[in-house]
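J.: Take this structure first; my questions come after.
The values are calculated or read from the model by the stated rules, or taken from the named source; none is laboratory data. Just so it is clear, the structure is predicted and the values come from calculations on it, not from any experiment. Here Cβ is always computed from backbone atoms with ideal geometry, including for glycine, and neighbour counts include all displayed protein chains.
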Amino acid sequence: MALYECVLIARQDISSSQAEGLVDQFSEIVANNGGTVTKKEMWGLRTLAYRIKKNRKGHYALLNLDAPAAAVTEMERNMRLNEDVLRYLTLRVDELEEGPSVMLQARERRDDRGGRDGGGRFGRGGPRGDRGDRGDRGDRGDRGDRAPRGDRGESRGDEA
């Protein structure tokens, strides 16, 4: 039997559990036709690059299959008939990946960075209000009121 990877995008209107049920339904179709699903991954609700059938987001899922071509054809036929499936792509591969896919690894890396607590990006440590490296600015004094706009000494291009 041949090895396949199938990625599908389901509508944003359905819940995560319904999307998982959809993946289970397609896995059952493959199993009934003599194939096996070696890995199922739910990538979650993600933003689409462009609108598909008036949807801006979709539930992504990955299936790794070890199945005959007839089983994959039947699964794709059912995907075309199901109105909850926006897009799908099935590729024949030489070998299936072991462990989590690149998409799940990227999500784990993102989770490791932490939330919006100020740590991480551009080397900032601590919340934004922490400005210990600037010192006290009390020696500046008051700058006074701002001069009216026309008296600032700026030249405009419309004056001649």
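J.: Tell me which residues, restricted to segment 34-56, are within 26 Å of the chain's Cα centre (by Cα) and either over 21 Å from GLU108 (Cβ atoms) or aromatic (Phe, Trp, Tyr) (or both). So that I can check it myself, show each step before the final result.
T.: First, pick out the residues of segment 34-56 that are within 26 Å of the chain's Cα centre (by Cα): 37-56.
VAL37, TRP43, LEU48, ALA49, TYR50, ARG51, ILE52, LYS53, LYS54, ASN55, ARG56, listed by residue number.
J.: Among the numbered conditions (1) surrounded by 12 or more Cβ atoms within 10 Å (Cβ to Cβ); (2) more than 19 Å from ASP13 (Cα to Cα); (3) small (Gly, Ala, Ser), tell me where GLY99 comes up short.
T.: Every listed condition holds for GLY99 apart from (1).
J.: Is it the case that LEU45 is modelled with pLDDT of 95 or more, hydrophobic (A, V, I, L, M, F, W, C) and either assigned to a strand (DSSP E or B) or touching a Gly at 6+ places or on another chain (Cβ under 8 Å) (or both)?
T.: no
J.: May I ask you to list pairs of residues, at least six apart or on different chains, whose Cβ atoms are under 8 Å apart, with the first in segment 47-71 being acidic (Asp, Glu) and the second being exposed (fewer than 14 other Cβ atoms within 10 Å of the Cβ) and part of a strand (DSSP E or B)?
T.: ASP66/THR36
J.: Ok, one more. Is there any pair with a first residue in segment 15-33 that is hydrophobic (A, V, I, L, M, F, W, C) and a second that is surrounded by 12 or more Cβ atoms within 10 Å (Cβ to Cβ) and part of a helix (DSSP H, G or I) whose Cβ atoms are under 6 Å apart and which are 6 or more apart or on different chains, and what are they?
T.: Every condition considered, the pairs that remain are PHE26/MET75; ILE29/GLU74; ILE29/MET75; ILE29/ASN78; VAL30/ALA71; VAL30/MET75.
J.: For segment 55-86, which positions are surrounded by 14 or more Cβ atoms within 10 Å (Cβ to Cβ), in a helix (DSSP H, G or I) and aliphatic (A, V, I, L, M)?
T.: ALA71, VAL72, MET75, MET79 - these are the residues of segment 55-86 that are surrounded by 14 or more Cβ atoms within 10 Å (Cβ to Cβ), in a helix (DSSP H, G or I) and aliphatic (A, V, I, L, M).
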